Amino acid sequence: MSERQPLLGHVNGAHSHHNREGSFAKFKALLLARGQPSYLSSFKWFLFDSWWNILLAFIPLSFIAHHLNWDAAYRFSFSFFAIMPLARLLGEATDQLSIELGETLGALLNASFGNAVEIIVGVAALMQGE
């Protein structure tokens, strides 16, 4: 799909049988993921692509620290180190989606999800009354 191609495949409400078959074939190809890397290889690439992913070990530590009511400094530190690789993975996911969706939708995704960390921290601060 290019930037100049209309989002809808029909013009002035006119549908064609050929257009519906093309859409079904695209949807079927999307579900079957033909020509794409397997889910296992994608998962391996996401987890082992960067040394930042070592910090993913802090995710369960932050949950444990929260539920066992450890000191606030430990909870903050574990959560801080856990959110860094998650932010990188979120950015990588939106970059991969923008390859398929096009430049405009990709920029919208990056702008929307790029601020997810700030939104999470802001909501957490508001819930704590700060």
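The values are calculated or read from the model by the stated rules, or taken from the named source; none is laboratory data. Since the model is a prediction, treat every value here as computed from it, not as a measurement. Here the Cβ positions follow ideal geometry from the backbone for every residue, glycine too, while neighbour counts run over all protein chains shown. For accessibility, only protein heavy atoms count, side chains too; no ligands or nucleic acids. Shrake-Rupley method; radii C 1.70, N 1.55, O 1.52, S 1.80 Å.
Loop-resident trypsin sites (Lys or Arg not before Pro) (DSSP state other than H, G, I, E or B) in the stretch 28-130 with no more than 14 further Cβ atoms inside 10 Å of their Cβ: Arg34.
The shape of the stretch 34-130 comes out oblate: with a ≥ b ≥ c from the C-alpha gyration tensor, a/c is at least 1.5 while a/b does not beat b/c.
Solvent-accessible surface (1.4 Å probe) assigned to Met127 amounts to roughly 150 Å².
Rounded, prolate or oblate: pick one for the stretch 81-130, where a ≥ b ≥ c are the square roots of the eigenvalues of its C-alpha gyration tensor, a/c under 1.5 means rounded, and failing that, prolate if a/b is larger than b/c, else oblate. Oblate is the answer for the stretch 81-130, as a/c is 1.5 or above yet b/c matches or exceeds a/b. Computed in the context of the full set of protein chains, the accessible area of the stretch 20-111 at 1.4 Å probe radius has 71% of its extent on carbon or sulfur.
Within the stretch 55-129, none of the GluC sites (Glu not before Pro) combine a DSSP coil assignment with at most 14 other C-beta atoms in a 10 angstrom radius.
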